[in-house]
Each structure stands twice: as structure tokens, then as C-alpha cells.
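Reading through the C-alpha cells given below for one structure.
Values quoted throughout were computed directly from the atomic coordinates according to the rules given, and no laboratory measurement underlies them. Note that the structure is a prediction, hence the values are computed from the model and not measured. Don't worry about glycine lacking a Cβ; one is built from the backbone with ideal geometry, like all the others, and counts go over all protein chains shown.
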Amino acid sequence: MTDESHPPAARDRGTLLKPKLSPTEKGARFFFLVCAISALGQMLLIMVFLFTEAGRLFVSLDGEKGVSLGEFFLSQDWYPTYPSPSYGALALVAGSLSVTLLSILLAGPLGVGLAIYLSSMAGRRSREWLKPAIELLASIPSVVLGFVGMVAIAPFLQNALGLPSGLNILNASLFLAVMATPTVASLGEDALSAVPQSVQDASYALGATHWETIWKVILPASLSGLSTAVILGLGRALGETIVVLMVAGGAAQIPLSLFDSARPLTSTLAAEMGETAIGSAHYHALFALGAVLFVLTLAFNLLAHYLGKYWRRKA
Amino acid sequence: MSVILRVRQRAPKAKKPKAPARRLPPWAWLPGLLAFLAPSLLGPGAWAYRDPNNLVVSGSTTTLPITQAAAEGYLATRPDLRLSVSGTGTGEGLKSLIDGLVDVAGASRDILPAEAKRALDKGVRLQRHALARDSLAVVTHPDNPISDLSLDDLYRIYVGEIRNWKELGGEDRPIVAINRDSSSGTFEMWLTLVLRGARYRRDAQTQPSGGGVAYAVGGNRNAIGYVGLGFLNERVKALKIGGIGPDLQNVASGAYPLSRELYLFTQDPHSGIAQDFLNYLQGPAGREIISREGFLPPPAP
């Protein structure tokens, strides 16, 4: 190994350390390498499995005509168990996006506000209480939240607002927001705390007030981390299953108002997977829904990555 | 006076020294992949060890209350056995039965041609045993003044031609139609008997279980739904269909229109314990359990 591009120091480290590796060390290194590769392998195999199973919906098999991509993505008719079935995912995608986006409209400002309070306003006492409380909120099982939504919030919303049904997008978004807020708050707090104390001191030294320091110094400097926090919260809400299954109402339609009921991708998968014959078109259609969910989640993660980079460059 | 501050945080860009290339054998990825793949290479058979004293009952969630209660009663007579009962849905239960993972599968419908073909391909013969007669009750909120609807009314409500209770002589309230999830045996029965193959209205809500439907209807004066008789409770009101209520007499005589047979499936031949369990269910104790759970036992032999 005589690659001239390595700086001498690094090469020394490489050549000096290598002979000293004992067999135990070598074994350990090999073991951890196997761990790392198997994690990667799991990811790859899941992806391959997901996309091949999903892909079979679109090809003709056993004389059955495949579903066209146009029908899957553009039709809002999801009637998978009818004698002449249709597999339009548009209404389900719309259901997922509507509850997710509405929930992040609630959880984003709330979570960022919490993060600001925690990182630069709260005294030690209130921090000591608030931090565990937020962690506790994050650890409530979602089925408990769903139950509360069904038993308490749905009748309340229906009576208070005079709605046909309290199982609707608004109800689901409220609970998704409850679940996403801790994610946004704790990731946001990390981002805000990463702004160096020296920068804040400089701001105060120039005569800025506490508020001006937060608004004009800390926030712009941590925009990258904050946008990542909000989008990861969005991902949390997008993947949530039980809460939306219990409180979103489950109507496979494109929702036109806050009070319409909706059927997100996740709850469709959860409700229909158990009773579907393996290898049927319906089964592959559910995998196709899973693939759509996977791509949406991936898109949100990439968005978080690039927004983070963008704001870091701007700052 | 406002203070304008610009924060520049860019650290001086120092080129990180590249880590020296680790010399690994070119096949280093292989053990990882193998470690990951090994279980799947062994196949499902590797996990399928079966204890001969353990009876596994699975299948439809509609038959679950019966098989669960029967399992408790049966175990009291045979404490040496182990019984595990779960509800996975008719399709899943039959699939597991064909794969030999369960001994008895409850079914809320007859076997489908595709499933029969699957069994045939695997060289497995299945045996069907009549378990009980199940009926769907159409339910509304107890305060809803409507108490009798025809099958045609139900059809028009669920396809969306009737959208207000007032059109049926009730209050001026929108109708919230609640479906079971479209994979369930219960929905399949509704599709056949009420919808007659027509597509339900898009804004029909979905609940993943009979209990969920009963709960949602009991909490909403606008709602209508359908559940197995076993899920009826005091929070909901069961409607008459064309003047005939879902009581045991009407169900037994076949006069009540929303009825279906429930079955248990086993492999043929099946184990002695499985046959024992079936005998228990068809005996007096089993028949009492079936009636107690809100179903109608098959006519006595």
C-alpha cells in the first residue's frame, strides 16, 4: 500500500498501528465490521423486498392484467376487495399528507417555541421539570393517545363544532402534533444550544437585548438545525399508524375540509394487511402503498438534509 | 435603535487527513450477508417445530369469542394440554392452516377457490366443520328514532343516494355511514348481502373491528354501522330489517336476512386433540358457549 496521496502522518499511523493489532483486536474489528454490514444488508434486503413485491402490482401475472401506474397514482378509487377491484392510491396519499402537514403546522411552532424557552429562557428549576415532562410525552404509547382521541376528543369536537363526526383530520392532527412536538422540541433545543456562548456574549456586548439576541443571533445561526428538527417531526407524524387508524375516521377520499375524515397510507396497511391473501393483487397493492410511504419518508429526510445544508451555507 | 449583527461561524477549512485505507479481504462482506440471510435460507420450516400437546387455534376474529371461551372450558377438562387461541382473520387463518402452523382455523366464510387451490398445490386436504350461524345487526345510536329499514334503504345509504336521516322519516341530521375494513369477512358479507357488489360512498368511514364500529356508533347520533351479534351492547340500537329483528328466533328460522354460517377448518386427517376440541364444541357445553356469545349453534344432530 504505497499511495503517495496520503499525507505522511496518516500513512505513519496506518503502517505503525497495523502490525500491533493483536488477534483479539483483529477479531473484534472483524466482528464490528460484520455488524455494520449486516445492518446495511437488512436495509438493502428490506428495500429490495418492498420494491419487488410492490412492482408485481404493475405487471401482468397469471393472466391477470397488471394495474397501470396512472391508475395507482391518479385514481382515488380504493376498492381492493371488490370482484372488479380498483387500486387508486391518490386519496390515501392525500389522507397521509393532509394529517401530517396539519399536524406539523401545530407541532412546528409549538416545538420550536418550547426549544427556545428551554435553551435560552428557562431557569434551572423549570428546565428540570420541563425536560422530563417532554420526554414523558414522547414515551406515551400511541394506542393510549388514540384511545383518548376516540373516547374523549371525538365526541367533544362533534358537539362543540356541530360536526357530523368527530373522527376527522383535525382530531388526528391534534394527536399527531402531540406526538411530534417532543421530537421537534428536543432536536430543536440541541440545535439552539449548539450556538456558541461567545456569539451570544458578543451580541450582548454590542448592546442587544435578550430578545434581539434570540431573534437576530441565535435563531438565524441555528436555522439549519431547526429546519431539520421540524422535518424529522414531520417524518414522525407521517409514519404514525395507530393514532390515525383510531381517530382519522378512515374514509378513503380526498379531504376538502378540516372536518372531513381521511384514511392515511399507514392505517390502510394496518387495517387490511391481516386479511389479505399472500400473492394476490391486493397484497401487492399494499406493498405498493408501503413503497410510496417509504419514498415519502425518504423525501422528507433528504429535504431535512438539504435544508440543513442550505441554511448552514446562508448563516 | 436596533443592533444589526451578522454571525459568521465558518470555521477555517482545514483539510482533514484522509484515513489510511484499511486492508480488508475482498470477501469481507460475505459473512455479514450470510449471517443475515441464514434464517431465511433455512426456510419457514426451521421455525415450525410443533409440540404434540399444544393445540393452536387461529383464524377469523368473528369466531374468536367462541373459540376463546371454548378453549377455557375445554382446558378445565384437560389440564395436561396447552391451547393457544388467536384471531388473525379468516384469510390469514386458512393460510396458516394450509402451511401447518395452526391446527384449527375459524372462518367467517367458506373457503375461496384460490385458497382451495393453494391447499391442493401443497398436497393438503382440508375439512370443514359447521360452527355456528352468525348474523349482522345494523346499529344506530339509541336516540335515533329510526328503528326499521329495508335492505334497499341500507343499499341507498351506503352507496350515498340517501345522505340525511330526514329522507327516511328521521331527524334532520347527516348520515355518517361506517364500514368495517374492506378485508374483513364482515365487510364481505355486507358487500354481498346489502351492497350487492356496488361501491360504497367515498366518505364512508372505516373501523378495523366490530368493537370499533359499536363504539363509534354508540358515540355518534348521526352514525349507522353493522356488527356481528356478539358485539351488540347497550350503547347501540339494533335495527329491524324489513320488520324482522335480529333475535335468535328469526335468525334460527332463517327469516332474518343478514345471516351467514361460521366454520372451523382443520386439515384432514387432523390430530386427536383437534378432534377432541371439535367434539367439545359440538357437545352441550360448546353449544351453550356459542349461544352465550350471541351466535346460534347448528341444529342438533
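A few points about this structure:
- Counting every other Cβ atom within 10 Å of each residue's Cβ, A:305, B:270 order from fewest to most as A:305, B:270.
- Point-to-point label distance, residue A:209-residue A:295, nm (Cα→Cβ direction, 7 Å offset): 5.0
- When B:200, B:226, A:310, A:283 are sorted by how many other C-beta atoms sit within 10 angstrom of their C-beta, beginning with the fewest, the order is A:310, A:283, B:200, B:226.
- Long-range amide H partners of residue A:78 with built H, under 5 Å: A:88
- Pairs beyond 29 Å (Cα-Cα), from A:26/A:309; A:216/A:309; B:166/B:237; A:131/A:216; A:131/A:314; B:117/B:240: A:26/A:309; A:131/A:314; B:117/B:240
- Cβ-based exposure ranking for B:159, A:217, A:144, in which fewest neighbours within 10 Å come first: A:144, B:159, A:217
- Three-way shape label, segment B:135-259, alpha-carbon gyration tensor, a/c 1.5: rounded
- Euclidean distance between Cα centres, segment A:133-198 to segment B:142-215, Å: 31
- Over segment B:135-259, relative contact order from alpha-carbon pairs under 8 Å, at least 6 apart, %: 40
- Taken one residue at a time, the phi angles of segment B:162-174 give Karplus couplings (6.51, -1.76, 1.60, θ = phi - 60°) of 10, 10, 9, 4, 4, 5, 9, x, x, 6, 7, 9, x Hz. Gly and Pro are set to x.
- Per-q log10 I(q)/I(0), chain A, q = 0.11 Å⁻¹ (Debye; single scatterer per alpha-carbon; no solvent): -0.88
- Near residue B:240, the amide H atoms lying under 5 Å from its own belong to B:148, B:149; only residues 5 or more places off or on other chains count, and H is placed 1.01 Å from N.
- Basic side chains Lys and Arg get +1 at the Cβ, acidic Asp and Glu get -1 at the Cβ, and with that the dipole of segment B:55-197 about its Cα centre reaches some 560 debye.
- For residue B:261, the amide hydrogen comes within under 5 Å of the amide hydrogens of B:134, counting only partners 5 or more places away or on other chains and with H modelled in the peptide plane.
- In sequence order, calculated HN-Hα J values of segment A:69-80 (Karplus, 6.51, -1.76, 1.60; Hz; x Gly/Pro): 4, x, 5, 4, 8, 10, 8, 9, 8, 10, 10, x
- Under the Debye formula (equal points on every Cα, no solvent term), log10 I(q)/I(0) of the protein assembly as shown at q = 0.11, 0.13 Å⁻¹: -1.18, -1.41
- From phi via Karplus (6.51, -1.76, 1.60), per-residue ³J(HN,Hα) for segment B:83-97 in Hz, x at Gly/Pro: 10, 10, 10, 8, x, 10, x, 4, x, 4, x, 5, 4, 5, 5
- Axial C-alpha extent at least 20 Å, average Kyte-Doolittle at least 0.0 - helices from chain A (DSSP): A:23-55, A:90-120, A:169-193, A:219-239, A:281-314
- Stokes-Einstein diffusion coefficient of segment A:111-242, Kirkwood radius over Cα pairs, 20 °C, 1.002 mPa s, in µm²/s: 129
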